[in-house]
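Every read-out reported here was derived from the displayed coordinates using simple, explicitly stated rules and does not represent laboratory data. Everything numeric in this text was worked out from a predicted model, so none of it was measured. When we count neighbours, we look across all protein chains shown, and the Cβ atoms used for this are built from the backbone with ideal geometry, even at glycine.
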Amino acid sequence: MLKDLHRITAPDAIILASSRDPEATDDPAHLKYHEWNRERQRPVGLVRIRLKYKDEIEDWWELLLASPEDMNRLAQQAGWTLDRTFGPQYLYVGLLRKE
């Protein structure tokens, strides 16, 4: 997606991307899920979720929760730079600038 956005946006484009650092936790359930991901050679912050509202249930989909370091690495691979972050590391917004 970041590569597609790089291709179709203006030269001075920015992206505001929110995420959580998946490893900024001591919750045993979260740590167990991290280990489950590691055993399957998946990113620690990759979660599989679906939404339910009343009788409506969506299909399952995957969401990557990324630390600021991971967001920066992924952004750079697609031609963006993580300029700065706002908020605490466990729940933050990253400002990506087009390179």
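For the chain, the relative contact order is 38 percent, taking Cα pairs closer than 8 Å that sit 6 or more residues apart in sequence and dividing their mean separation by the residue count. Show me the trypsin sites (Lys or Arg not before Pro) within region 1-86 that DSSP assigns to loop and that have at most 11 other Cβ atoms within 10 Å of their Cβ. Answer in residue order: Arg40, Arg50, Lys54. Rounded to the nearest 10 degrees, the angle from helix 28-39 to the longest Cα principal axis of the chain is 70 degrees. Counting only residues at least eight positions apart within a chain, or on another chain, the lysines with an alpha carbon under 16 Å from that of Lys3 are Lys98.
Expressed as a whole percent, the proportion of Cα-Cα pairs in region 1-48 lying more than 16 Å apart is 55%.
Entry note, the chain: the mean residue ellipticity at 222 nm calculated from DSSP H runs of n ≥ 4, each adding -39500 (n - 2.57), is -8500 deg cm²/dmol after division by the residues and rounding to the nearest 500.
Take the Kirkwood radius over Cα pairs of region 15-98, plug it into Stokes-Einstein at 4 °C and 1.567 mPa s, and you get 92 µm²/s for translational diffusion.
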